[in-house]
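S.K.: Take a look at this one; I'll ask things after.
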Amino acid sequence: MIDRGSLIVFEGCDRSGKTTQCNKLITQLEADGHKAKYLKFPDRTTKIGQLINSYLGQSCDLDDHAIHLLYSANRWEAIHTMKSLINQGTTLIVDRYAYSGVAYTAAKEGFTLDWCKQPDIGLPQPDKVFYLTLSSEALSRRGGFGDERYEKKDIQDKVAQNFQKLKDGDWEEIDADKSVEDLHRELYSRVKQVMEDSKKKALGKL
Ligand code: DGP
Ligand code: NA
Ligand code: NA
(Lines give C-alpha, C1' and ligand atoms only; values in the text may rest on other atoms or scores of the structure.)
(Ligands and ions follow the chains in the order given, each with its own letter.)
Protein backbone atom coordinates (compact mmCIF):
# COMPACT_ATOMS: atom_id res chain seq x y z
CA MET A 1 0.00 0.00 0.00
CA ILE A 2 1.28 3.45 -0.79
CA ASP A 3 1.41 6.08 1.94
CA ARG A 4 -1.23 8.72 1.52
CA GLY A 5 -0.27 12.28 0.67
CA SER A 6 -0.82 15.14 3.13
CA LEU A 7 -3.35 17.92 3.05
CA ILE A 8 -1.50 21.10 3.89
CA VAL A 9 -3.31 24.43 3.91
CA PHE A 10 -1.96 27.96 3.84
CA GLU A 11 -4.09 30.70 5.29
CA GLY A 12 -3.51 34.39 5.88
CA CYS A 13 -4.68 37.83 4.85
CA ASP A 14 -4.30 39.17 1.34
CA ARG A 15 -0.67 40.00 0.43
CA SER A 16 0.86 37.73 3.06
CA GLY A 17 2.81 35.87 0.37
CA LYS A 18 0.87 32.60 0.44
CA THR A 19 0.72 32.02 -3.30
CA THR A 20 4.45 32.62 -3.87
CA GLN A 21 5.35 30.26 -1.03
CA CYS A 22 2.93 27.53 -2.12
CA ASN A 23 4.37 27.54 -5.61
CA LYS A 24 7.96 27.42 -4.35
CA LEU A 25 7.03 24.47 -2.13
CA ILE A 26 5.61 22.54 -5.08
CA THR A 27 8.75 23.15 -7.14
CA GLN A 28 11.00 22.00 -4.31
CA LEU A 29 8.89 18.97 -3.38
CA GLU A 30 8.84 17.79 -6.99
CA ALA A 31 12.59 18.38 -7.34
CA ASP A 32 13.07 16.14 -4.29
CA GLY A 33 10.96 13.38 -5.87
CA HIS A 34 7.67 13.88 -4.02
CA LYS A 35 4.28 13.94 -5.66
CA ALA A 36 2.75 17.32 -4.90
CA LYS A 37 0.01 19.48 -6.35
CA TYR A 38 -1.01 23.08 -5.86
CA LEU A 39 -4.70 23.82 -5.30
CA LYS A 40 -6.14 27.28 -4.89
CA PHE A 41 -9.49 28.36 -3.47
CA PRO A 42 -11.44 30.02 -4.80
CA ASP A 43 -10.74 28.01 -7.94
CA ARG A 44 -11.83 30.61 -10.47
CA THR A 45 -11.72 28.19 -13.43
CA THR A 46 -14.98 26.35 -12.67
CA LYS A 47 -18.48 27.73 -13.38
CA ILE A 48 -18.97 28.49 -9.70
CA GLY A 49 -15.46 29.97 -9.60
CA GLN A 50 -16.32 32.29 -12.48
CA LEU A 51 -19.28 33.63 -10.52
CA ILE A 52 -17.03 34.22 -7.52
CA ASN A 53 -14.54 35.95 -9.79
CA SER A 54 -17.17 38.40 -11.10
CA TYR A 55 -18.30 39.06 -7.54
CA LEU A 56 -14.73 39.78 -6.41
CA GLY A 57 -14.12 42.02 -9.42
CA GLN A 58 -17.26 43.93 -8.37
CA SER A 59 -18.94 43.28 -11.72
CA CYS A 60 -21.78 41.45 -9.98
CA ASP A 61 -23.43 41.80 -6.61
CA LEU A 62 -24.65 38.83 -4.61
CA ASP A 63 -26.27 38.47 -1.24
CA ASP A 64 -23.62 37.83 1.44
CA HIS A 65 -25.17 34.48 2.36
CA ALA A 66 -25.34 33.39 -1.27
CA ILE A 67 -21.68 34.19 -1.97
CA HIS A 68 -20.68 32.40 1.22
CA LEU A 69 -22.39 29.23 0.00
CA LEU A 70 -20.83 29.58 -3.44
CA TYR A 71 -17.33 29.72 -1.96
CA SER A 72 -18.15 26.57 0.00
CA ALA A 73 -19.63 24.85 -3.07
CA ASN A 74 -16.41 25.72 -4.90
CA ARG A 75 -14.52 23.69 -2.29
CA TRP A 76 -17.05 20.83 -2.33
CA GLU A 77 -16.78 20.49 -6.11
CA ALA A 78 -13.07 19.70 -5.62
CA ILE A 79 -13.55 17.00 -2.98
CA HIS A 80 -13.35 13.97 -5.27
CA THR A 81 -10.15 15.20 -6.92
CA MET A 82 -8.65 16.04 -3.55
CA LYS A 83 -9.41 12.70 -1.98
CA SER A 84 -8.24 10.63 -4.91
CA LEU A 85 -4.95 12.56 -5.20
CA ILE A 86 -4.28 12.17 -1.48
CA ASN A 87 -5.09 8.48 -1.58
CA GLN A 88 -2.70 8.05 -4.50
CA GLY A 89 0.12 9.56 -2.46
CA THR A 90 0.06 13.15 -3.70
CA THR A 91 0.53 15.91 -1.14
CA LEU A 92 -1.78 18.85 -1.68
CA ILE A 93 -0.53 22.33 -0.97
CA VAL A 94 -3.71 24.35 -0.70
CA ASP A 95 -3.80 28.13 -1.00
CA ARG A 96 -6.79 29.12 1.22
CA TYR A 97 -9.52 26.78 2.41
CA ALA A 98 -12.62 26.73 4.61
CA TYR A 99 -10.96 28.97 7.22
CA SER A 100 -10.82 31.83 4.70
CA GLY A 101 -14.48 31.12 4.07
CA VAL A 102 -15.29 31.69 7.72
CA ALA A 103 -12.84 34.53 8.39
CA TYR A 104 -13.91 36.64 5.39
CA THR A 105 -17.67 36.20 5.68
CA ALA A 106 -17.67 36.60 9.47
CA ALA A 107 -15.91 39.95 8.93
CA LYS A 108 -19.26 41.18 7.58
CA GLU A 109 -22.00 42.60 9.78
CA GLY A 110 -24.44 40.05 11.19
CA PHE A 111 -22.51 36.80 10.62
CA THR A 112 -21.42 34.48 13.43
CA LEU A 113 -18.40 32.20 13.15
CA ASP A 114 -20.68 29.29 13.91
CA TRP A 115 -23.08 30.01 11.03
CA CYS A 116 -20.18 30.49 8.67
CA LYS A 117 -18.60 27.13 9.52
CA GLN A 118 -21.66 25.01 8.71
CA PRO A 119 -21.47 24.55 4.92
CA ASP A 120 -17.87 23.29 5.03
CA ILE A 121 -18.53 20.63 7.68
CA GLY A 122 -17.50 17.25 6.27
CA LEU A 123 -14.75 18.48 3.94
CA PRO A 124 -11.35 16.81 4.41
CA GLN A 125 -9.52 18.16 7.43
CA PRO A 126 -6.04 19.55 6.82
CA ASP A 127 -3.13 17.73 8.45
CA LYS A 128 -1.71 21.17 9.10
CA VAL A 129 -2.68 24.80 8.60
CA PHE A 130 0.19 27.24 8.21
CA TYR A 131 -1.10 30.66 9.05
CA LEU A 132 1.09 33.39 7.58
CA THR A 133 0.92 36.65 9.49
CA LEU A 134 2.24 40.14 8.85
CA SER A 135 2.04 43.10 11.20
CA SER A 136 0.15 46.11 9.79
CA GLU A 137 3.52 47.90 9.40
CA ALA A 138 5.02 44.99 7.46
CA LEU A 139 1.87 44.80 5.37
CA SER A 140 1.96 48.49 4.45
CA ARG A 141 5.64 48.13 3.46
CA ARG A 142 4.48 45.61 0.86
CA GLY A 143 2.54 48.32 -0.98
CA GLY A 144 -1.16 48.81 -1.48
CA PHE A 145 -3.87 46.25 -1.82
CA GLY A 146 -5.45 45.62 -5.20
CA ASP A 147 -8.94 46.69 -6.24
CA GLU A 148 -10.82 43.53 -5.39
CA ARG A 149 -13.59 43.43 -2.87
CA TYR A 150 -12.17 42.77 0.65
CA GLU A 151 -8.78 44.35 -0.17
CA LYS A 152 -9.18 47.15 2.36
CA LYS A 153 -7.44 47.65 5.68
CA ASP A 154 -10.50 47.60 7.97
CA ILE A 155 -11.76 44.36 6.41
CA GLN A 156 -8.32 42.75 6.56
CA ASP A 157 -8.01 43.66 10.26
CA LYS A 158 -11.31 41.91 11.02
CA VAL A 159 -10.28 38.91 8.94
CA ALA A 160 -7.03 38.65 10.94
CA GLN A 161 -9.01 38.75 14.21
CA ASN A 162 -11.25 35.97 12.93
CA PHE A 163 -8.30 33.79 11.94
CA GLN A 164 -7.01 34.13 15.51
CA LYS A 165 -10.36 32.82 16.79
CA LEU A 166 -10.26 29.85 14.39
CA LYS A 167 -6.71 28.80 15.29
CA ASP A 168 -6.45 25.40 16.98
CA GLY A 169 -3.80 22.79 17.76
CA ASP A 170 -3.38 21.86 14.09
CA TRP A 171 -2.29 25.39 13.16
CA GLU A 172 1.16 26.88 13.09
CA GLU A 173 1.40 30.63 12.95
CA ILE A 174 4.38 31.81 10.93
CA ASP A 175 5.69 35.37 10.82
CA ALA A 176 5.92 36.05 7.09
CA ASP A 177 7.96 39.24 7.49
CA LYS A 178 11.18 37.79 6.14
CA SER A 179 12.78 37.29 2.76
CA VAL A 180 11.04 34.97 0.30
CA GLU A 181 14.00 32.55 0.51
CA ASP A 182 14.19 32.50 4.32
CA LEU A 183 10.46 31.93 4.63
CA HIS A 184 10.65 29.18 2.00
CA ARG A 185 13.41 27.33 3.86
CA GLU A 186 11.45 27.50 7.12
CA LEU A 187 8.22 26.31 5.50
CA TYR A 188 9.91 23.55 3.52
CA SER A 189 11.33 21.86 6.58
CA ARG A 190 8.00 22.11 8.39
CA VAL A 191 6.10 20.73 5.41
CA LYS A 192 8.44 17.72 5.19
CA GLN A 193 7.79 17.03 8.88
CA VAL A 194 4.01 17.17 8.39
CA MET A 195 4.30 14.78 5.43
CA GLU A 196 6.22 12.34 7.62
CA ASP A 197 3.81 12.64 10.57
CA SER A 198 0.57 12.32 8.59
CA LYS A 199 1.54 9.18 6.61
CA LYS A 200 0.22 6.82 9.26
CA LYS A 201 -2.86 8.82 10.26
CA ALA A 202 -6.23 8.69 8.54
CA LEU A 203 -7.40 11.86 6.85
CA GLY A 204 -9.96 13.56 9.09
CA LYS A 205 -13.09 15.57 8.37
CA LEU A 206 -14.00 19.13 9.27
P1 DGP B 1 -7.48 35.16 -3.49
O2 DGP B 1 -7.73 34.65 -4.90
O3 DGP B 1 -6.70 34.21 -2.62
O4 DGP B 1 -6.91 36.55 -3.48
O5 DGP B 1 -8.91 35.22 -2.80
C6 DGP B 1 -9.84 36.13 -3.28
C7 DGP B 1 -10.50 36.87 -2.17
O8 DGP B 1 -11.58 36.10 -1.66
C9 DGP B 1 -9.62 37.20 -0.98
O10 DGP B 1 -9.92 38.55 -0.58
C11 DGP B 1 -10.05 36.23 0.09
C12 DGP B 1 -11.48 35.99 -0.23
N13 DGP B 1 -11.94 34.64 0.10
C14 DGP B 1 -11.32 33.49 -0.15
N15 DGP B 1 -12.05 32.43 0.19
C16 DGP B 1 -13.21 32.94 0.68
C17 DGP B 1 -14.40 32.36 1.17
O18 DGP B 1 -14.55 31.14 1.25
N19 DGP B 1 -15.39 33.23 1.57
C20 DGP B 1 -15.25 34.57 1.49
N21 DGP B 1 -16.27 35.35 1.88
N22 DGP B 1 -14.14 35.15 1.02
C23 DGP B 1 -13.13 34.35 0.63
NA1 NA C 1 -6.63 38.71 -3.22
NA1 NA D 1 -9.39 31.93 -1.76
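S.K.: Going by the structure shown, is Tyr71 surrounded by 15 or more Cβ atoms within 10 Å (Cβ to Cβ), within 14 Å of ligand 1 (Cβ to nearest atom), closer than 22 Å to Lys117 by Cβ and free of Cβ contacts under 8 Å to residues at least 40 places away in the same chain?
M.R.: Yes, satisfied.
S.K.: Continuing with the same structure: Does Gly89 fit the bill of being farther than 26 Å from Ser6 by Cβ, out of contact with any helix residue (DSSP H, G or I) (no Cβ under 6 Å at 6 or more places or on another chain) and either touching a residue at least 24 places away in the same chain (Cβ under 8 Å) or open to solvent by less than 60 Å² (accessible area, probe 1.4 Å) (or both)? If you could, list the steps in order and put the result at the bottom.
M.R.: On the way: farther than 26 Å from Ser6 by Cβ: no; out of contact with any helix residue (DSSP H, G or I) (no Cβ under 6 Å at 6 or more places or on another chain): yes; either touching a residue at least 24 places away in the same chain (Cβ under 8 Å) or open to solvent by less than 60 Å² (accessible area, probe 1.4 Å) (or both): yes.
So Gly89 fails the test.
S.K.: Still on this structure, please answer the following. Go through Glu11, Glu30 for me and flag whichever is on the phi < 0 side of the Ramachandran plot and without any contact (Cβ under 8 Å) to a residue 24 or more places away in the chain.
M.R.: Values: Glu11 fails: without any contact (Cβ under 8 Å) to a residue 24 or more places away in the chain.
After ruling out the rest, the residue left standing is Glu30.
S.K.: Looking only at the range 36-53, decide whether some residue is of a type in the set (Val, Ile, Thr), surrounded by 13 or more Cβ atoms within 10 Å (Cβ to Cβ) and within 10 Å of ligand 1 (Cβ to nearest atom). Reasoning before the result, please.
M.R.: To start, the set of residues in the range 36-53 that are of a type in the set (Val, Ile, Thr) comprises 45-46, 48, 52.
Cutting the leftovers down to surrounded by 13 or more Cβ atoms within 10 Å (Cβ to Cβ) gives us 46, 48, 52.
Checking which are within 10 Å of ligand 1 (Cβ to nearest atom) leaves us with 52.
The answer is yes; a qualifying residue exists.
S.K.: Provide a single number: the residues in the range 129-144 that are in a helix (DSSP H, G or I), open to solvent by 20 Å² or more (accessible area, probe 1.4 Å), of a type outside the set (Ser, Thr, Tyr) and touching a residue at least 12 places away in the same chain (Cβ under 8 Å).
M.R.: 1
S.K.: Further question: Being assigned to a loop (DSSP other than H, G, I, E, B) and of a type in the set (Gly, Ala, Ser) is the filter; apply it to the range 70-97 and report the residue that is nearest to ligand 2 (Cβ to nearest atom). Lay out the reasoning, then the answer.
M.R.: Step one: list which residues in the range 70-97 are assigned to a loop (DSSP other than H, G, I, E, B), which gives 77-78, 88-90, 96-97.
Adding the requirement that they be of a type in the set (Gly, Ala, Ser) leaves 78, 89.
Working: Ala78: 19, Gly89: 31 Å.
Among them, the one singled out is Ala78.
S.K.: Return yes or no: is Ile67 in contact with a helix residue (DSSP H, G or I) (Cβ under 6 Å, 6 or more places away or on another chain), aliphatic (A, V, I, L, M), part of a helix (DSSP H, G or I) and over 21 Å from Glu173 (Cα atoms)?
M.R.: Details: in contact with a helix residue (DSSP H, G or I) (Cβ under 6 Å, 6 or more places away or on another chain): yes; aliphatic (A, V, I, L, M): yes; part of a helix (DSSP H, G or I): yes; over 21 Å from Glu173 (Cα atoms): yes.
Yes, satisfied.
S.K.: Has the range 23-35 got at least one residue that is surrounded by 17 or more Cβ atoms within 10 Å (Cβ to Cβ) and within 16 Å of ligand 3 (Cβ to nearest atom)?
M.R.: no
S.K.: Assuming Asp147 fulfils every condition listed in (1) assigned to a strand (DSSP E or B); (2) among the charged types (D, E, K, R); (3) over 30 Å from Ala36 (Cα atoms) apart from one, which condition is it?
M.R.: Just one mismatch for Asp147, condition (1).
S.K.: When the range 115-137 is examined, which residues are found to be farther than 30 Å from Asp197 by Cβ and either modelled with pLDDT of 95 or more or of a type in the set (A, V, I, L, M, F, W, C) (or both)?
M.R.: Answer for the range 115-137, where residues must be farther than 30 Å from Asp197 by Cβ and either modelled with pLDDT of 95 or more or of a type in the set (A, V, I, L, M, F, W, C) (or both): just Trp115.
S.K.: Pick out the one residue from Ala202, Ala176 that is within 14 Å of Glu11 (Cβ to Cβ) and either aliphatic (A, V, I, L, M) or open to solvent by less than 70 Å² (accessible area, probe 1.4 Å) (or both).
M.R.: Ala176
S.K.: Here's something else I'd like to know. If I filter the range 37-58 for residues that are more than 16 Å from ligand 3 (Cβ to nearest atom) and small (Gly, Ala, Ser), do I get at least one hit?
M.R.: Filtering the range 37-58 for residues more than 16 Å from ligand 3 (Cβ to nearest atom) gives 37, 47, 58.
Next, from what is left, pick out any that are small (Gly, Ala, Ser): none.
So far as the range 37-58 goes, no, none of its residues is more than 16 Å from ligand 3 (Cβ to nearest atom) and small (Gly, Ala, Ser).
The values are calculated or read from the model by the stated rules, or taken from the named source; none is laboratory data. Predicted model only: the values in this text are computed from it and were never measured. Counting neighbours? That spans all protein chains shown, and the Cβs are built from the backbone with ideal geometry, glycine included. These area figures cover heavy atoms from the full protein model, side chains too; ligands, DNA and RNA do not enter into them. Shrake-Rupley method; radii C 1.70, N 1.55, O 1.52, S 1.80 Å.
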